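Worksheet for the structure shown next.
No lab work stands behind these numbers, since they all come straight from the coordinates. Predicted, not measured: the structure shown is a model, and the values here were computed from it. Virtual Cβ from ideal backbone geometry, glycine too; neighbours counted across all protein chains shown.
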Amino acid sequence: MYTPNFNDPRVRKKCFKALGFVYGILGKTEKECYSRSMDRFFGQGQGNLSRYLKAQLLIPINQHYSFGQQPSQCKTYKLNSAGAKRLYNNLYPKYTFTKKRKTELVLSAWEEEYEPELTSGKFEYTEKSNRYWHTLQNINSEDRKQLFSKYGYSHIYDIKACAPTLIAHLASAYAPKQTITVKRMNTTFDKFLNNTQQFRQHIASVANCDYAVAKKIINSLFAGANLGCNKDFDTLKLLGYSYDKMNALKADRELKELMSAIAKAWSLIKVGEQIELAPGKRMNSKQKWDVYFSYEKAIMNVITDYMDKQYVNYFIEHDGWSCNVQLDLDNLLGIARSKTGINKLEIDYDYFSPTNTAC
């Protein structure tokens with residue numbers, strides 16, 4: 001049985017890099033891992049050290065892989081916390097593993113791999129399904145902020161409630177008449193968009209779940225997800241397969257109103273976008289995401305064009321971005337609203353400094 005020589009500097013370097021990878025993107029919840037990205041941190045899969053590190057650090061969840069199909073699927077993993085701590089103790093038997101050391105591992109590993117892009121601001125994205133993808137997007141939020149702030153990307157922006165805003169805008173624009181149902185839909189969306197944070201907190205309370213989970217559930221509903229006790233439903237998975245939590249959500253009056261508005265919105269968008277379906281068929285989640293992503297990309301193209309003209313370095317995170325200067329938000333919003341026609345578009349701003357988050 002293979003046992004690494006932890007005194008070998010080359011072995012230690014590879015171990016630290018692999019630890020930085022798993023602590024950077026994995027946790028208790030499963031996550032897709034692109035094989036080429038893993039090879040950059042673990043080494044080629046056929047090597048003894050690479051196989052050892054994967055066995056120590058990863059818990060395989062779904063090992064099905066499909067490429068070139070829709071939707072594509074990468075293998076999914078969870079972090080093997082016990083194995084990771086054991087590996088760290090083999091490397092540093094006299095030191096206690098702390099949150100600060102964990103952060104240092106993450107930053108060191110990812111910085112080593114992507115330092116040229118972080119320095120130049122010329123990130124190599126992969127464009128797929130009208131979105132720009134980069135492995136750095138997968139790092140957990142706090143560590144990613146720490147890493148990017150080191151290179152000056154401390155100004156963080158995102159389009160507020162992007163998917164709900166876009167879907168509400170499209171549905172209203174495509175409505176041929178202001179019927180009672182359309183007016184009710186618009187009123188429900190206005191109520192949600194004017195009180196987004198409160199509504200998410202309400203759902204978190206109803207389902208007894210984290211705010212972040214409530215946000216994911218709501219966003220998934222806008223793209224056609226279902227509420228129900230079917231184990232294949234992503235919403236049930238987000239709730240830890242708790243039937244009690246799911247039933248509480250299904251019974252909530254405010255959520256029922258929002259889901260009714262969403263259903264009406266997509267019926268209008270389907271006609272407006274001239275999406276042809278077989279008789280009796282409804283738009284599936286993929287078709288809905290395709291529509292949304294195309295408009296999200298149009299908005300982001302306006303924003304990146306603005307930053308390019310200002311010679312700003314930035315990193316895209318789907319409907320958000322980090323950049324190295326504070327933007328004239330009023331000017332940017334005016335341009336984005338004018339060019340997209342979405343007058344209710346809003347952009348949130350935050351400034352991150354490493355001193356804001358204790359390691």
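What the table shows:
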item	result
Helix 180-194 axis, angle to the chain major axis (alpha carbon atoms, nearest 10°)	40
Relative contact order, percent, segment 102-167 [alpha-carbon distance under 8 Å, six or more residues apart]	27
Cross-link pairs 31/344; 102/237; 78/99; 145/286; 31/85; 145/344 - those with Cα-Cα distance over 22 Å	31/344; 102/237; 145/286; 145/344
Neighbour-count order for 11, 182, fewest beta carbons within 10 angstrom listed first	11, 182
Note, ³J(HN,Hα) from phi for segment 289-300, Karplus 6.51, -1.76, 1.60, rounded to Hz, x at Gly and Pro	4, 4, 5, 4, 4, 5, 7, 4, 5, 4, 5, 5
Relative contact order %, segment 148-252, counting alpha carbon pairs below 8 Å whose residues are six or more apart	20
Placed amide H near residue 347: partners under 5 Å, 5+ positions off or other chain	160
Fewest-first ranking of 135, 340, using other Cβ atoms within 10 Å as the exposure measure	340, 135
Amide H contacts under 5 Å for residue 61, placed H, 5+ residues apart	76, 77, 78
Using alpha-carbon coordinates, inclination of helix 253-272 to the longest axis of the chain, degrees	80
Residues whose placed amide H lies under 5 Å from that of residue 133, excluding near-sequence neighbours	126, 127, 128
The chain, relative contact order [Cα under 8 Å, separation at least 6], %	20
Helix 9-25 vs. the chain, principal-axis angle (Cα, 0 to 90°, nearest 10)	20
Identified option (computed Rg/Rh (Cα atoms, Kirkwood Rh); candidates (i) 1.02; (ii) 0.95; (iii) 0.99)	(iii)
Calculated from backbone phi, Karplus (6.51, -1.76, 1.60) coupling profile of segment 107-121 in Hz, x at Gly/Pro	4, 5, 5, 6, 5, 4, 7, 10, 4, x, 6, 4, 6, 7, x
Taking 300, 1, 283 and counting other C-beta atoms within 10 Å, the order from fewest to most	1, 283, 300
